[in-house]
Amino acid sequence: MDYTNFNIEDFLTDESFINYCYELNDVDKAHWENVSLTQPLLKKKIADARELCLLLSIKINKADKQESLARLKAAIESEQLKAKPAVDNVRHMWLPRMAVAATLLVLVIAYGFYKYNARVSGAVLYSQVTKNNYHLVAQTNFSNRKSVVLPDGTTVTLNGSSTLKLANDYNQNNRHVLLTGEAFFEVTKDKTRPFVVLTAKTATTALGTSFKVSSYGISKTASVMLATGKVRVEATQPGSGIADQILVPGQQVILANGDNSFTKSDFNQTELHNWLNSKLTFSNADFAEIAAKITNTYGIQVTAGDKAADKIRFTGQFNNKSLTDVLDAIGFVNNFTYKQMGDTVKIVF
């Protein structure tokens, strides 16, 4: 059957669709799953109708659910009565039709209110990410940065070895982005569509603000640093039980592998300013300090053997230089070369 012209109300007055929603009949369930598969243009409409139908069961017990379902089915049966030629029968048919229409109108309004106000958790949003509903908009190699302006005017500074993907319906139904690596976001204000940055470890939600998110694939930690405004940070791993955190400017959170809570602290805003300008300052710095600042600025891990690390010292300053320029300069002074492997640089003497 072709359901192209069906609207949400039509679905909700179809008994087989109700059975599908409540999984009461395997045949009806298989039928509607097949419709979703073979008529992809209806997929969203079917999902919306199913969600509206299931509103009947939100926060009610099984008995109440059955009672609500019985009332809806009774309305369906009244709606599907065949009209008789007598005028009185027409009048009696009109009344239950109006009752069904009124019931559906209330449900549709409730559904709209629910959709507008319900906040979906970061873990749920991340679980819904697939290669089919997000697309690549920017990617950088290990030694370069890139600035990207998104369709809503939000500006993104993407660090090295990073990728940024957008939801296919970005700036339509949502403002969701998927980040691997590190980036600074200056978010355009839009109170109706919060801006959400999803990573493998965190979900950061903002209305209009600026912040940095770091979550490299090889790193054991993820972090969020807030420059302006306010953000909510959540863990994206389902069932982690990690409490959400609200940040104000100058605060950051860090989540390491295996942690059962975020680590929240203040940071010096100069650190973030230096990151944005790729500014590095060293004064007789040892390898540990050099490696830490390079990691913070470029998102790259720097390794060296213990004996090799003891030999390294450097004094100097870099402004808006690429990672290659920085490593070449430090290597020249300390007489070492380096090898880059993915997101890691190994010092070689």
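The values are calculated or read from the model by the stated rules, or taken from the named source; none is laboratory data. Every value quoted in this text rests on a predicted model; they were computed, and no experiment measured them. For neighbour counting, all protein chains shown are included, and Cβ atoms are generated from backbone atoms with ideal geometry for every residue, glycine included.
Hey, could you check the range 296-317 for residues that are β-branched (Val, Ile, Thr) and not in a strand (DSSP E or B) and say which is nearest to Val213 (Cα to Cα)? It would help to see each step written out before you state the result.
Step one: of the range 296-317, the residues β-branched (Val, Ile, Thr) are 297, 300, 302-303, 312, 315.
Right, trim to not in a strand (DSSP E or B) and you get 297, 300, 312.
Working: Thr297: 12, Ile300: 15, Ile312: 30 Å.
Top of the filtered list is Thr297.
Quick test for you: out of Ala203, Ala183, pick the one residue that is modelled with pLDDT of 95 or more, of a type in the set (Gly, Ala, Ser) and under 21 Å from Ser322 (Cα atoms).
Working: Ala203 fails: under 21 Å from Ser322 (Cα atoms).
Step by step, each of Ala203, Ala183 is checked, and only Ala183 is modelled with pLDDT of 95 or more, of a type in the set (Gly, Ala, Ser) and under 21 Å from Ser322 (Cα atoms).
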- All positions within the range 245-277 that are farther than 15 Å from Leu226 by Cα and not in a strand (DSSP E or B): Asn257, Gly258, Asp259, Asn260, Ser261, Asn277
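Just checking, which of Gly342, Gly305, Gly316, Gly331 is surrounded by fewer than 18 Cβ atoms within 10 Å (Cβ to Cβ), more than 37 Å from the chain's Cα centre (by Cα) and closer than 20 Å to Ile218 by Cα? Let's see the steps before the verdict.
Values: Gly342 fails: more than 37 Å from the chain's Cα centre (by Cα); Gly316 fails: closer than 20 Å to Ile218 by Cα; Gly331 fails: closer than 20 Å to Ile218 by Cα.
The match here is Gly305.
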- Does Asn320 satisfy the condition of being part of a loop (DSSP other than H, G, I, E, B), out of contact with any Cys (no Cβ under 8 Å at 6 or more places or on another chain) and within 26 Å of Phe184 (Cα to Cα)? yes
- Note on the structure: For the range 1-28, pairs from a residue that is assigned to a loop (DSSP other than H, G, I, E, B) to a residue that is β-branched (Val, Ile, Thr), with Cβ under 6 Å and 6 or more apart or across chains, are Thr13/Ile76
- Which condition breaks for Ile347 when tested against (1) in a strand (DSSP E or B); (2) among the β-branched types (Val, Ile, Thr); (3) over 41 Å from the mean Cα position of the chain (by Cα)? (3)
- The condition of being of a type in the set (Ser, Thr, Tyr) and either without any contact (Cβ under 8 Å) to a residue 60 or more places away in the chain or buried (at least 16 other Cβ atoms within 10 Å of the Cβ) (or both) holds, among Ser261, Ser240, only for Ser261
